[in-house]
1. Non-local amide H neighbours of residue 235 (under 5 Å, H modeled in plane, Pro and chain starts lacking H): which ones?
2. Of the cross-linked pairs 86/108; 115/217; 41/248; 86/204; 181/248; 86/264, which ones have a Cα-Cα span greater than 20 Å in the structure shown?
3. Work through the residues other than residue 125 whose Cβ is under 13 Å from its Cβ and net out their charges, Lys, Arg +1 and Asp, Glu -1.
4. Which net charge results for the neighbourhood of residue 156, defined as the other residues with beta-carbon distances under 15 angstrom from its beta-carbon, given Lys and Arg at +1 and Asp and Glu at -1?
5. Computed on alpha carbon atoms, what radius of gyration and Dmax characterise the stretch 183-287, expressed in Å?
6. Round to a whole number: what % of the accessible area of the chain belongs to carbon and sulfur, probe 1.4 Å?
7. So, for the stretch 235-287, what is the accessible surface per residue at a probe of 1.4 Å, expressed in square angstrom?
Amino acid sequence: MAKQKKGQKAADLREQLRVPTGPVDLTSYDTRATPGFDGSKDDGKAALDDLGAEVSDWQERLFAEGRKGGERSILLVLQGMDTSGKGGVIRHGAGLMDPQGLKITSFKAPTPAEKRRGFLWRIRQAVPDHGMIGIFDRSHYEDVLIARVRNLVPPNVWEKRYDQINEFEAELAASGVTLLKCYLHISAEEQKARLEARLDDPTKHWKYNPGDVDERKLWPDYMDAYHAAIERCSTPQAPWYVIPSDRKWYRNWAVTTILSETLKSLNPEWPEADFDVEAEKKRLAET
């Protein structure tokens, strides 16, 4: 049996990070843990680089399949508290792939027009087309997170949304969309350190939002909201994955690995030519 490479995962990472059915207790998850990886920070960065060619190849296969009649796609949902690293995952993980096969959507506060159409309307507009990998920086879950914590809608409204989300995601899965929902789990202490780093570095002031401190004061309420969202909306067709995210390098590797494993499991194949290859070779040679 071949010796395992330093830092290499021993088993399917999706199985290790997928939220089990039943009650969810996020306090039981170590935000600095590195499940499935036993190497150092440098090993982790190298492992992410090593994933590049592989994940890019599988992405191109999925893209080609979609251009030739395939009906499958992937939707990666990234959720987490401020500074948890949604942008970092996109920059370091999605950056390994061909932009033409990606659809990245960052959801801010809904406009008045979007509110009138219902909370899932703008989400539906961003669902990836066939062959594409869609990435949501925040998502429909904001409507059971900040909407709940900040009392933006009455409890009887956000309470109904869990079932509406499950129905929506089941509909997506039935139409060929594979959902990967990743909660980037950081500690309150790590968030404070990251906010302080932004204030200490003039080149990062643009990333600092004074409102983050206001939201930070509501940390326990947000944790309650995340517990409910993950527990009530983790289904076989749309599971949640808890990604320990205090270590940025691990977070980036873990999410990219889950995406790579999913692409492999879909096993998209290169479409067969819909023309006579040998005849085209002959025609080309004659020019």
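1. Placed amide hydrogens put 240 under 5 Å from residue 235.
2. With Cα atoms farther than 20 Å apart: 115/217; 86/264.
3. Residues close to residue 125 contribute a combined charge of +2.
4. Charge balance near residue 156 sits at 0.
5. 23.8, 73
6. The value for the chain is 51 percent carbon and sulfur by accessible area.
7. I get 54 Å² per residue for this part.
The values are calculated or read from the model by the stated rules, or taken from the named source; none is laboratory data. Just so you know, these numbers come straight off a predicted model, no measurement behind them. Cβ: placed from backbone, ideal geometry, glycine included. Neighbour counts: every protein chain shown. Accessible surface areas use protein heavy atoms only, side chains included; no ligands, DNA or RNA. Shrake-Rupley method; radii C 1.70, N 1.55, O 1.52, S 1.80 Å.
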